[in-house]
1. Give the Cα extents of the chain along the principal axes, in whole Å, largest first.
2. Using a probe radius of 1.4 Å on heavy atoms only, what accessible surface per residue do you get for segment 1-138? Whole Å² is fine.
3. Charges at C-beta only: +1 for Lys and Arg, -1 for Asp and Glu. How large is the resulting dipole of the chain about its Cα centre, in Debye rounded to 20?
4. What list of ³J(HN,Hα) values in whole Hz, one per residue of segment 23-30 in order, does the Karplus curve 6.51 cos²θ - 1.76 cosθ + 1.60 (θ = phi - 60°) give from phi, with Gly and Pro shown as x?
5. Calculate the tail of P(r) for segment 108-199: the fraction of all Cα-Cα distances greater than 23 Å, expressed in %.
6. Straight-line reach from LYS120: which lysines fall under 25 Å, measuring Cα to Cα and dropping same-chain residues less than 8 apart?
7. Starting from the Cα gyration tensor of segment 163-243, multiply each eigenvalue by 5, take the square root, and state the resulting semi-axes largest first in whole Å.
8. Just add up the charged neighbours of PRO36: K/R +1, D/E -1, any other residue whose Cβ is under 14 Å from the Cβ of PRO36.
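The values are calculated or read from the model by the stated rules, or taken from the named source; none is laboratory data. In this text the structure is predicted, and so the values were computed from the model without any measurement. Quick reminder, even Gly has a Cβ in these numbers, built from the backbone with ideal geometry, and neighbours come from all protein chains shown. Note: accessible area is taken over every heavy atom of the protein model, side chains too, but ligands, DNA and RNA are not part of it. Shrake-Rupley method; radii C 1.70, N 1.55, O 1.52, S 1.80 Å.
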Amino acid sequence: MAEPIRIAMWSGPRNISTAMMRAWGNRDDTVVIDEPFYAYYLKVTGIEHPGADEVIATGQTVWRKVVAHLTGPVPNSKRIFFQKQMTHHLLPEIDREWLGAVTNCFLIRDPREVVSSYIKKREDPALEDLGFVQQAEVFDFVRTRTSAIPPVVDAKDVLKNPERMLRLLCGAVGVEFSESMLSWPPGLRETDGVWAKHWYGEVAKTSSFRPYRPTDYEVPQRFCEIHERCREYYERLYAYRLC
């Protein structure tokens, strides 16, 4: 059997990360995991998220055990282990060296669209809640460790041309593209986290990537400073995106 491939895709919240997990999860050769550090993150930070108590009660709250799972045998004897990762869940005390055991890639989204989506769920996010700073930190760590630029895809590009961007991404992480990644059955999955009922309402209605639709949303004045900080980090990674 070919050597397994562990793909960690690092994203902030309110991106198309769950749709991306659907795409990979629809492959016959792939098993997916949904935000494996979430329970640890909630327990340590004490931050109030919808369903936090249930996430902590059912999830793994020892980060070393999470790492051991992510870098150990691939579940169900599959060849590809796709790991949907949130950058802000990788708290500073978590050793980064395990990132050398996985193929890291990055999913970015315009911060104006992230803020617009996020405040519908939590009204008063801090800079750290949006993941842009942490995403740049993980990107820099991986780039330095590997002496190479890890793959970056932008959500807008994916929504405009899913097949082209998924082909580019698959090529960049060393796997063959599969047509099965372009559509999937609607609904929730056993592989979704227990938080799916709070956060995945829209993606549960989908059976493919939805076409990109520009909006005229304006960031509220109280978030302008946070938005500008996020944009600095977003544009830094945007310069390296696959296109």
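1. 55, 40, 39
2. Details: 5320 Å² over 138 residues.
Here the residues of segment 1-138 average 39 Å² of exposed surface.
3. Numbers: 32 positive and 33 negative charges, 96 e Å.
Here the chain has a charge dipole of around 460 debye.
4. For segment 23-30, the Karplus-derived couplings read 4, 5, x, 7, 7, 5, 9, 10 Hz, x marking Gly and Pro.
5. On the way: 1935 of 4186 pairs.
Beyond 23 Å sits 46 percent of the P(r) for segment 108-199.
6. Of all the lysines, those that pass the test against LYS120 - Cα under 25 Å, at least 8 places apart if same chain - are LYS43, LYS84, LYS156, LYS160, LYS197, LYS205.
7. Details: eigenvalues 153, 98, 34 Å².
Output for segment 163-243: semi-axes of 28, 22, 13 Å.
8. On the way: positive: ARG6, LYS43, ARG64, LYS65, LYS84; negative: ASP34, GLU35, ASP192.
So the environment of PRO36 carries a net charge of +2.
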